[in-house]
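Report on the structure given below.
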Amino acid sequence: MKKQRHTAKRIFDRLVEEKGFEGGESTIRRAVHEIRGKMPQAFVPLQFDPADAIQIDWGEATVYLNGEKTVVNLFCARLCYSCRPVVLAYRRQNEESFLDAFVNIFNILGGATARVIFDNGKVAVKEGFGAHARMQEGYSALSAHYGFDAVFCNPAEGHEKGLVEGLVGWARRNICVPVPKVEDMQELNYELLERCLKYEKHKIRGKKATVGEMFREESCLLRRLPPYVFETAKCTNVRVSAFSTVRFKTNTYSVPVKYVGYEVSVKGYPETVEIYYKGELISTHTRLVGKNLFSYHLDHYMPLLRRRPRAIFDAAPVKQNIPPEVLAELKSQKKYDNVISLLERSTSETAEAQPAITDPVIVRPVDLHQYDVLSIGKEVN
C-alpha cells in the first residue's frame, strides 16, 4: 500500500495527537530521512529461459540531424536471456513509432519472444497498471499478430525491467557520446544497429558465454514471424479541403487539386504520411514534426496555377518550394508564361528524381489458424 504509507508529516501529527510529542516537525523529518537513507533496497534476482522474454523501454538522446540539434527518442530492447540489445531512434514516442519499433526489432532478431515486458506507458496501456492493465487496441492487435503475452511492470518497480533501464543509459553513454552528427534518421539508426552488433562480443559477468554466443543459442528458439507484415500506420478518413489539403495530427498536407471535396484515407507512419483515394496512393509527404505546419507539393497545384497565373507569387505552395531569390527574379520579369514553364520543368524534374515503385504490395488474407500455431507451438485440429 505504497500510496497509503506514513509520511513524515503524518508521523509527526500522530506523535503529537497520541503521544503528546512537543518537538518540532523538522526533527521528525530529519529522523525519517536518515532512517530511509540507511534502509537498503532488496531485489529478487531474475532468471529467464531462452526466447522467453524481451524487455523494452523508451529513452531520449540529443543528436545533430542535418546540422540541427535535435532530441530523439530511443526505443531500447534487450532479450532477457542473451542480453542481445536493439536500439532504434524515432522522432516521437507515439503509437505509430511504438508499433513500428516492434516490427523492426523482431525482423532484426529473426523472431519473437513468448513475452514482452514493458512499463505502463500510454502507448501500450489504455487504463490500469501492472496485472490489471488494459492494453491499447494497437498493442493488443500487435501481440495477437506475433503471439506474445504482454507483461506490464508494477508502478515504481523499475527493477522488474532493470536490464533495459541499464540499456537506455548504455545507449546514451556509448552511442550518443560524442553527440552523433548524421544526415537523417536512417543514418542514425544504422549507427545504432552497428553499435548493438559490436556489443555481441561483450561477456556479461556471471554469464556462461558472450552476448553473441548466447544469442545464437537463443535465436533458434524464437517464435517464427508471421508471413505478412503488421500494419503500424495510424489511419483515418478525411475530406479534402477547398485548398486541396488534408489535416492529420495537427499538421496539413496537400493532394492534387482534382481531389478537392472527396473523402480520402490517410496513413501516418513514423517518418511519412501517405494519402489514398479508393485504394490508390495519390500523395506521399515527409511527416512534419511540430504543430500547425504545412507541406505542399507544387505539382499538386499546377493545374490551378495555369488557370490563375497572377496568383503565382503569393501562392504558398510556390513560396515553399521555390527559393526566395529565384522567385524575386521571376517576379521582376513579370512574364507569367515563362514562370509557368519554369515551374512545370521544376515539378517534372522532381517527379523524375523519385524512384518508381515496381513491386506492388500484396496483402494476403488473414488465416486465424496461424495465431493458434504461434500461440501454443503446435497444430490445432
If you go through the stretch 73-104, how many residues are among the β-branched types (Val, Ile, Thr) and at pLDDT below 95?
2
Restricting to the stretch 265-304, and then to whatever is touching a Leu at 6+ places or on another chain (Cβ under 7 Å) and hydrophobic (A, V, I, L, M, F, W, C), can you tell me which residue is farthest from Val339 (Cα to Cα)?
Leu298
Identity of the residue in the stretch 308-333, of a type in the set (A, V, I, L, M) and not in a helix (DSSP H, G or I), that ends up farthest from Pro256 (Cα to Cα)
Ile322
Residue selected from the stretch 287-296 under the condition exposed (fewer than 11 other Cβ atoms within 10 Å of the Cβ) and either acidic (Asp, Glu) or modelled with pLDDT under 95 (or both), by the criterion farthest from Arg92 (Cα to Cα)
Lys291
1 or more residues aliphatic (A, V, I, L, M) and not assigned by TED's automatic domain parsing to the domain that holds Leu343: qualifying strands (runs of 3 or more DSSP E) within the stretch 243-297:
245-248, 263-268, 272-277, 280-286
Pick from Ala77, Ala101: which is in a strand (DSSP E or B) and crowded, with 20+ Cβ neighbours inside 10 Å?
Ala77
For the stretch 211-247, what are the residues that are charged (D, E, K, R) and either within 30 Å of Tyr81 (Cβ to Cβ) or modelled with pLDDT under 95 (or both)?
Glu213, Arg216, Glu217, Glu218, Arg223, Arg224, Glu231, Lys234
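The values are calculated or read from the model by the stated rules, or taken from the named source; none is laboratory data. Nothing here was measured: the structure is a model prediction, and the numbers come from that model. Glycine also receives a Cβ, built like all others from the backbone with ideal geometry; neighbour counts cover every protein chain displayed.
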